[in-house]
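Every read-out reported here was derived from the displayed coordinates using simple, explicitly stated rules and does not represent laboratory data. Values in this document were obtained by computation on a predicted structure and should not be read as measured data. Methodologically, a virtual Cβ is constructed for each residue, glycine included, from the backbone with ideal geometry; neighbour enumeration extends over all protein chains shown.
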Amino acid sequence: MIETSATTPITSKSRSTQLSLAYEVAMPHPESHLFVVTLQVQGWTESTLDLKMPVWTPGSYLVREYARHVENFGAVGKAGEIGEITLAWQKVAKNHWLVETPGQIPVITISYTVFANELTVRTNHLEASHGYFNGAAMFFYIPDRTPSINHQSTNQLTNQPLKQPIQISIVPPEPDWIVTTPLKPLANQAFTYIAEDFDTLVDSPFEIGTHSLYEFTTAGIPHTLAIWGSGNAEPEKIIKDTQKIIEVESQIFGGLPYDYYVFILHLTANSFGGLEHKNASCLIYPRFGFRSGEKYQRFMQLVAHEFFHLWNIKRIRPQALEVFDYEQENYTSSLWFSEGTTSYYDLVIPLRAGIYKAKTFLENLSKEITRLQATPGRLVQSATASSFDAWIKLYRREAHSDNSQVSYYLKGELISLLLDLLIRLRHNHQRSLDDVLRLLWQRFGQPESGFSPPELKGTIEEVAGIDLTDFWQRYIDGVEELPFGEYLAHFGLQLGANSDSALPFLGMTVKTEGNRDMIKTVEIGSPAQIAGIDPGDELLAIDGIRVSAEQLKDRLKDYQAGDILKISLFHGDLLRTILLTLDPPRPDRYQLLPVDNPQATQAENFQRWLGVSLESIK
Ligand SMILES: [Zn+2]
């Protein structure tokens, strides 16, 4: 039995100042989905070398166990006259390799392969057409050691990577493949880059292949757009609108805090997503999602969202994310702000940038309110609880999720709307949520010192000029309904609740899979749930007559609230017939509309919030 390295005595020699770390990433057979990685460690003087692979990557709060894709691990040392020697090693934890490095071995070479066949912004993907990787899913870090305080020679491993520059060389498989990354290239060495430390390496995605490259300058700073995949994207239009977004966001924070920025865009059949970095965004979007105005605007919202993160969460960080612990969950109750406020701004920024009009902004906002009000879990889980449990809930959705949880993106977005309105009203539009962001930037972002939840609340209160304890208890730490109507009335808007008056409420969703109609979700407290219908049941008939998912709505319209319905279904392989009583119709769409006969102050508030007249959105 082997002790884990955390308890294994280590000779406490001082580490050589000559230590250097260099990775090489090759992909000789891209179609095999295997990256071939070597790490060369020079100047290592300890008798063991610990190597750990992160279990998650910042920006995506789920333990993904990246080490499960590591294969073919090996370690050799080069030691002068004796030449190359194989170094003994063992795994001591799921993501932890321990290499024996007795004596002073001038050059240690670690080699391994990484299977990369998961195309998302937060994982690795290698195939004949390109390679894409995230540092957390690709590279080992060497944990730092704290010198022992008890004068014994036992230095404990910390959860922090050794602070040490890392060189990365890419070996493309074909002469026409190129490399795009926000990292600084090393002069005179093709495809070789320097990351100042492991955090920077993790924060610097790589796109390798024959992707299209578009360079542009905004505010005197160079930017690159790299597009992999074909479709109907129009790069010139995207760049023009992206530049407007950059300018609007730069105005909020007072300048751009980087000297180079990269947008990596993957075009695929129907994936959607983004991952933020300090100096890059990775975006994935449907390849034919650019022609229609609505889809194109959705894409520009995604650009605005990920770009906004370069301030809000990449530099203005919750304290719990100030120093990343790559080995385990990093708990914070503030994602409702880091993600939710960013989501509010991804609605606001395209409006300010002229990409869509106020009417579209209000339609988008109405859809978000509809989504929240259609989530029963909003009355169960608070925004702070949702943030804290991101690791076990948001990224692990199941049929019951909507009954028990709320997205911190969505709830945080709509809380941010209320905070923006509240601050504008109290200060007659001399202040807004923009001022909160600016103050957070100066106080916690520029120094990268991290904010605690009380500091976040305190900063918002400082700008708002009032004690927000009650607001916090009700809407952020609590689960009270958000008071949209009350707040928006000051801005000349009312929230209309629409329902199909002919459609009694049953409370379940059904989807056709193959030739079977499967119940996907059942709303808590609904007639369907009370009657004992389960997600996974197969819908067969209503009152003895076959019904499909497609026909269900129309069939229900033949009934009224209070009617008793006989539903037949398969529960597993058991045939069941259930009687239930239908409820009255429920709102399924909310819509923000101008109030009738707005007062002058309402019209003025609207104009100063959205920059157009209330009249213009009628
Ligand atoms: Zn985000």
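Miscellaneous remarks
- Counting charges near R352 (Lys, Arg +1; Asp, Glu -1) among other residues having Cβ under 14 Å from its Cβ returns a value of -3.
- For the chain, with +1 on Lys and Arg beta carbons and -1 on Asp and Glu, the positive-most of L321, T200, Q551 along the dipole: Q551
- Taking the square roots of five times each eigenvalue of the Cα gyration tensor of the stretch 420-475, the equivalent ellipsoid has semi-axes of 20, 15, 7 Å, listed largest first.
- Derived scalar couplings ³J(HN,Hα) [the stretch 212-223; Karplus, 6.51 cos²θ - 1.76 cosθ + 1.60; whole Hz; x for Gly, Pro]: 7, 10, 10, 9, 8, 10, 10, 6, x, 10, x, 10
- Under 20 Å from the Cα of K566 - lysines, other chains or at least 8 residues apart: K511, K520, K553, K557
- Shape category assigned to the stretch 509-618 from the gyration tensor of Cα positions, a/c cut at 1.5: prolate
- Only helical runs count toward this figure. For the chain, summing -39,500 (n - 2.57) over DSSP H runs of n ≥ 4 and dividing by all residues gives -7000 deg cm²/dmol at 222 nm.
- Annotation: extensible slack from Q446 through Q156 equals 101.2 nm (criterion: 0.36 nm per residue apart, minus Cα-Cα distance).
- Hypothetical label at R68: residues of the stretch 118-142 whose amide nitrogen lies under 18 Å (7 Å Cα-Cβ projection): 118-126, 134, 136-139
- Evaluated at q = 0.19 Å⁻¹: base-10 log I(q)/I(0), Debye formula over Cα of the stretch 348-442: -1.02
- Rounded to the nearest 20, the Cβ-based charge dipole of the stretch 299-386 about its Cα centre (Lys and Arg +1, Asp and Glu -1) stands at 520 debye.
- Extension gain (nm, one decimal) between E461 and R586, 0.36 nm per residue minus Cα-Cα: 41.3 nm
- Taking the charge dipole of the chain about its Cα centre, with +1 at Lys and Arg Cβ atoms and -1 at Asp and Glu Cβ atoms, the residue from A502, T86, Y132 reaching farthest to the positive side is A502.
- Measuring r between the beta carbons of N498 and Y331 and using R0 = 51 Å, the FRET efficiency lands at 0.85.
- Counting all C-alpha pairs of the stretch 125-264, share separated by more than 26 Å (%): 40 percent
- Close amide-amide hydrogen proximity is noted between W89 and E100, each under 5 Å apart and 5 or more residues distant or on a separate chain (H modeled in the peptide plane; Pro and chain starts excluded).
- DSSP-loop GluC sites (Glu not before Pro) across the stretch 462-569, with at most 14 other Cβ within 10 angstrom: E480, E481, E550
- The stretch 145-220: C-alpha gyration tensor shape, a/c 1.5 cut-off, then a/b vs b/c: prolate
- Our estimate of slack between R291 and Q164, defined as 0.36 nm per intervening residue step minus the Cα-Cα distance, is 41.1 nm.
- Across the alpha-carbon atoms of the stretch 459-542, the computed radius of gyration and Dmax are 20.5, 60 angstrom.
- Estimated FRET transfer efficiency when R0 is 56 angstrom, pair E363-I82 (beta carbons, to 0.05): 0.15
- Straight-line cross-link reach from K78 at under 29 Å between alpha-carbon atoms covers these lysines, not counting any fewer than eight positions away in the same chain: K13, K52, K91, K94, K163.
- Note on the stretch 265-320: Kirkwood radius taken over Cα pairs, Stokes-Einstein applied at 4 °C and 1.567 mPa s, translational D equal to 109 µm² s⁻¹.
- Taking the DSSP bridge list for the stretch 543-605 and keeping only pairs wholly inside it, about 100 percent are antiparallel.
- What the pair-distance distribution of the chain shows, using all Cα-Cα distances binned every 20 Å from zero, is 17, 45, 31, 7, 0 percent.
- Under the Karplus curve 6.51 cos²θ - 1.76 cosθ + 1.60, θ = phi - 60°, whole-Hz ³J(HN,Hα) for the stretch 551-567, x wherever Gly or Pro sits: 7, 4, 4, 4, 5, 5, 5, 7, 10, 10, 3, x, 5, 9, 10, 9, 9
- Label sites at S20 and H400, each approximated as a point 7 angstrom past Cα along Cα to Cβ, lie 5.7 nm apart.
- Here the label points at S230 and L579, each 7 Å from Cα along the C-beta direction, are separated by 6.2 nm in the simple model.
- Residue by residue, the stretch 603-618 carries 3J(HN,Hα) couplings of 4, 5, 4, 4, 4, 7, 6, 10, x, 9, 7, 4, 3, 5, 9, 6 Hz when phi is fed to the Karplus relation 6.51 cos²θ - 1.76 cosθ + 1.60 (θ = phi - 60°); x denotes Gly or Pro.
- Under the simplified labelling scheme, the R546-V323 pair shows an inter-label distance of 6.6 nm, with each label point 7 Å from Cα along Cα→Cβ.
- Span from the the stretch 204-222 Cα centroid across to the the stretch 301-331 one, whole angstrom: 22 Å
- The stretch 98-248 - percent relative contact order, Cα under 8 Å, separation 6 or more: 18 percent
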